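Here the structure comes first, spelled out in structure tokens, and everything after it is commentary.
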């Protein structure tokens, strides 16, 4: 039993108006005169006509619906699948033949228009591909430029850090040079057992490695308490203990507390000291006469002392004025 609803491609609950509308479209589409008398289209057109005659008549449709509802074929499910497969094949075949007919009976103007459209599509496709490739190249160049900018910024940061480190090292070198000069001056005057004062000798205890002062007779005048010491000069001796520098008198009394990071012996009434890595000058009472503001400083000689701030080296007088 043929399924007319399937042939027209409609559901069973459609109205007569809907059936007529579908019929008009299909009959026009599959009419043999419209398809060059092709047998395939003719058979399909006959089936559409038959389905319309039954379903458009109310009484015939009722009888048909009852028969269709009572129809139970053992292979009904398989037949439905087969019909679906035939429908798909028919649609493909119809599309193929429709294209063949269209190509066969198209006019020269249609051919020219189609060729022109085809060329436009190809040109558009080429332009799109070129734009895509250009965009990819622009993105690649942009990313490469950004990478180089980032690398350059990183290099500039490293260079700035190296310059700062170079300045710091140069300052440290200047400081070490001033220290070396100072130490050379001390070494020229240093000699264990030498009489710095007519009454006192500077000596070191070989068991404790501590420094002190003894009299000419060998009596201990100032105990061996200090990690380092220098000769008495102008009634004072420079000593240091636990990395702190200060001054004692000939009785061993601390006259200027051990509070400095570094110090040198008195010269012309002033002594170089260092506080918080900056150099200045104190008097014999321990008062800071010239404030600690220099990166390095030498002892006074001939009424002046050489100092430096950063890379600038100059001389000052005893009032701290630049000369």
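The values are calculated or read from the model by the stated rules, or taken from the named source; none is laboratory data. The structure presented is a predicted model; accordingly, all values stated were derived computationally and were not measured. Here the Cβ positions follow ideal geometry from the backbone for every residue, glycine too, while neighbour counts run over all protein chains shown.
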Problem - residue 28 being in a helix (DSSP H, G or I) and surrounded by fewer than 12 Cβ atoms within 10 Å (Cβ to Cβ) - result: yes
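Taking the conditions exactly as written (assigned to a helix (DSSP H, G or I) and loosely packed, with under 14 Cβ neighbours inside 10 Å), does residue 44 satisfy them or not?
Spelling it out, it is not the case that residue 44 is assigned to a helix (DSSP H, G or I) and loosely packed, with under 14 Cβ neighbours inside 10 Å.
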Practice task
Go through (1) modelled with pLDDT of 90 or more; (2) surrounded by 10 or more Cβ atoms within 10 Å (Cβ to Cβ) and name the single condition residue 207 misses.
Solution key: (2)
Practice task
Confirm whether residue 276 is at pLDDT below 95, exposed (fewer than 13 other Cβ atoms within 10 Å of the Cβ) and over 52 Å from the mean Cα position of the chain (by Cα).
Solution key: no
Handout entry: Residue pairs meeting the criteria (Cβ under 6 Å; at least 6 apart or on separate chains; first outside the structural domain of residue 14 (by TED's automatic domain parsing), in segment 31-60; second in a helix (DSSP H, G or I) and surrounded by fewer than 12 Cβ atoms within 10 Å (Cβ to Cβ))
Key = none
Practice task
Please verify whether segment 295-303 includes one or more residues that are assigned by TED's automatic domain parsing to the domain that holds residue 199, surrounded by fewer than 13 Cβ atoms within 10 Å (Cβ to Cβ), within 53 Å of the chain's Cα centre (by Cα) and in a loop (DSSP other than H, G, I, E, B).
Solution key: no
Practice task
Quickly run through segment 308-323 and pick out the residues that are within 17 Å of residue 283 (Cβ to Cβ) and in a strand (DSSP E or B).
Solution key: 316
Practice task
Name the one entry in 218, 212, 252, 246 that is farther than 27 Å from residue 167 by Cα, touching a strand residue (DSSP E or B) at 6+ places or on another chain (Cβ under 6 Å) and assigned to a loop (DSSP other than H, G, I, E, B).
Solution key: 252
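So which of 178, 153 ends up being surrounded by 10 or more Cβ atoms within 10 Å (Cβ to Cβ), touching a strand residue (DSSP E or B) at 6+ places or on another chain (Cβ under 9 Å) and part of a helix (DSSP H, G or I)?
Every option except 178 fails the conditions.
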Exercise for the section: Could you tell me whether residue 59 is exposed (fewer than 10 other Cβ atoms within 10 Å of the Cβ), out of contact with any helix residue (DSSP H, G or I) (no Cβ under 8 Å at 6 or more places or on another chain) and at pLDDT 90 or above? Expected result: yes
